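The numbers here are math on the coordinates, done by the rules we state, and not lab data. Treat the numbers as computed from the prediction; the structure is a model and nothing was measured. Reconstructed Cβ throughout: ideal geometry from the backbone, glycine too, with neighbour counts over all protein chains shown.
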Ligand SMILES: C[S@@+](CC[C@H](N)C(=O)[O-])C[C@H]1O[C@@H](n2cnc3c(N)ncnc32)[C@H](O)[C@@H]1O
């Protein structure tokens, strides 16, 4: 049989069960081209694939069909307009988490917040939230000090690499939540693990680190710990904003109120579900 062209290998990938967009992105990866070069594929669909690229493509298709996230295979994920390197040491940043970043920026742009605020991202993973905030502060012509915390040294290594590549300055602390964090912040944000440890959805997320996903019997162990510890690290008037599961808004709001937070409220994700809750620390 003649060597196949791009259109033929894409069609073959779809028969393996891959969707068209994933197949296109994997083919670009196998050809050593960037993910934004899909127009190139359309213009070259009759080009014969070099044998090495065809072999690479087949191998990455099989990884994708087995359930490995596309972002791990291509090694990159876009978040809030930033290209982040990701691998199996960190959770793949999700588009829904941009809601948390938008809310954080709303808090930081409110009257009374200094031009150079101090911000803490707990459980930073790839650095997605901290870097999006640092980048936006910079775009607003503000300085600020953004600190990124994770209990995983591996995750911090990924986040450090992303910060260096993007030319953004963050402070990094390896800590179990706020244990080793000093100082006081205008804003604390976190997308902590929040899936119940027996939730069957965890099976579909088996490629991502379990420590980034599961949080005890009801999924709220980490949120409880953060809500309990955060008041000691917040300036009066500072906000704590948390991402959580689709059915946890009521419980998270109740526990924030119990810890003494006021103006407790939610934000909706892209599907219109309350997936972020937060409150203001009144001080005292
Ligand atoms: C759901 S992931 C979020 C990653 C990233 N912030 C994002 O939104 O893509 C949760 C992160 O919390 C970290 N983590 C889990 N337990 C922790 C703890 N006790 N203290 C600090 N970080 C923790 C995990 O290593 C993981 O990077």
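Between residue 43 and residue 197, what is the label-point separation in nm under the 7 Å Cα-to-beta-carbon projection?
The two pseudo-label positions are separated by 5.5 nm.
Counting DSSP beta bridges with both partners in the range 33-177, what percentage is antiparallel, nearest 5?
Counting only bridges with both partners in the range 33-177, antiparallel ones make up about 30 percent.
Considering only 229, 14, 265, give the residue with the highest GNM mean-square fluctuation for the chain, with springs between Cα atoms whenever their separation is below 10 Å.
14
What FRET efficiency comes out for the pair residue 157/residue 218, r = Cβ-Cβ distance, R0 = 51 Å, nearest 0.05? Mind showing how you got there, number by number?
Details: r = 31 Å, r/R0 = 0.61.
E between residue 157 and residue 218, to the nearest 0.05, is 0.95.
Compute the label zone of residue 11 within the range 40-68: residues whose backbone N is under 16 Å from the point 7 Å along Cα-to-Cβ.
Residues passing the 16 Å test: 42, 44-49.
Roughly how many whole Å is it from the C-alpha centroid of the range 9-70 to that of the range 258-284?
If we compute the Cα centre of each part, the gap is 42 Å.
Gain in length, residue 206 to residue 3, computed as 0.36 nm per residue apart minus the alpha-carbon separation, to one decimal in nm?
69.5 nm
Consider a paramagnetic label point 7 Å from the Cα of residue 78 along Cα→Cβ; state which residues of the range 1-35 have an amide N under 12 Å from it.
35
Could I have the simple spin-label model distance between residue 87 and residue 142, label points 7 Å from Cα toward Cβ, reported in nm to one decimal?
If labels sit at residue 87 and residue 142, their model points lie 3.5 nm apart.
As a test, work out the antiparallel percent of DSSP beta bridges whose residues both lie in the chain, rounded to the nearest 5.
For the chain, the DSSP antiparallel bridge percentage is about 45.
Assuming a ≥ b ≥ c are the square roots of the Cα gyration tensor eigenvalues, decide whether the range 150-284 counts as rounded (a/c under 1.5), prolate (otherwise, with a/b larger than b/c) or oblate. Intermediate results must be reported in sequence, preceding the final value.
On the way: a/c = 1.63, a/b = 1.04, b/c = 1.57.
Cα axes put the range 150-284 in the oblate bin.
Between the range 181-238 and the range 147-178, what is the separation of their alpha carbon centroids in Å?
16 Å
Kindly identify the range 6-66 as rounded, prolate or oblate by the Cα gyration tensor criterion: order the square roots of the eigenvalues as a ≥ b ≥ c, call it rounded if a/c is under 1.5, otherwise compare a/b with b/c, prolate if a/b is larger, else oblate. Intermediate values should be presented prior to the final figure.
Values: a/c = 1.41, a/b = 1.31, b/c = 1.07.
Since a/c stays below 1.5, the shape of the range 6-66 is classed as rounded.
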